[in-house]
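Values in this text are rule-based calculations from the coordinates and carry no lab data. Since we're looking at a predicted model, the values are computed, not measured. Note that we place each Cβ from the backbone using ideal geometry, even for glycine, and neighbour counts take in every protein chain shown.
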Amino acid sequence: MLIVDPAVECIEACRRRFAAHPRVRCYLNDGRSLSIFPDQSIDFVFSFDSLVHVKREIIEAYLSELGAKLRIGGRGFIHHSNLGEYAHSLRERLPPRVRKLLIKAKILDWEHLRDPSMSADLFRALCAQHGLHCLSQELVNWRGRRLIDCFSLFARSDSDDRSSTYIIRNPNFMREAALIRRRSQSGPENSLPN
C-alpha cells in the first residue's frame, strides 16, 4: 500500500502509525503530482475527505497523472466536491454577509469548505479527457440539504466503449451514516440484516 500526501506532518504520522507494516510505504508529494510512481504501476487509488476541499486544477492534475499511472483495468475512488452544481443558484448571488446570517439562522446550510470549482459533471468530463471512464457517482449531502459531495468510481480502460455513468442522487446520506453509526455502537442484536 502506498500513502501519498503533500503535508509533512501527515506523512510522518502515517509512517509512525504503520511502522510495523513493511508493505506500507509513505511518500511526500507536491499536492498534484504522482511522478514518483512508474506508469501503469497502480491498481487502485482511494481518497476520502481530502480532495473534497481542493480546486478543480488539483483534481485535474491528479486525474491526468492517474491516466498514466493506473494499470489498464485499474480503478479509483475519489470523494470530491459537487458544490459547483450550485454555483449559479440564487444563494450565490446573495451578499456574503447576508448568506452568513442566513446560515447562522439555519435557513441556509454550510458549505463545509467544499470547493465551488468542482462538480460531478466536471469530474466526469475530466476523466474522459485523461483516458479514464467514470463508472458511477453518488451525490450526497454533507450535514445539510444540498448534495455538495460526490463519490466517484472510475477506471482506466484501453477500450473506447464508454457506457454511461451510473449516477445516484442520495439526499439521505447523512441519515444513513448516523443509522450505521448507531447500529455499530450497539450490540449484535441491532446489526443490519443480511
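Data overview
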read-out	value
Local electrostatic count at Ala120 - Lys and Arg +1, Asp and Glu -1, tallied over other residues with Cβ under 10 Å	-2
Proxy reagent accessibility, fewest Cβ within 10 Å first, across Asp39, Asp160	Asp160, Asp39
Ordering of 104-110, 76-82 by burial proxy (mean other Cβ atoms within 10 Å per residue, highest first)	76-82, 104-110
√(5λ) per eigenvalue of the Cα gyration tensor, the stretch 1-100, largest first, Å	32, 18, 11
Length-normalised contact order of the chain in % [C-alpha pairs under 8 Å, at least 6 apart]	18
Of Leu139, Ser89, Leu102, farthest towards positive along the dipole that unit charges on Lys, Arg, Asp, Glu beta carbons give the chain	Leu102
Calculated diffusion of the chain, Stokes-Einstein form, Kirkwood radius summed over Cα pairs, 10 °C and 1.306 mPa s, µm²/s	85
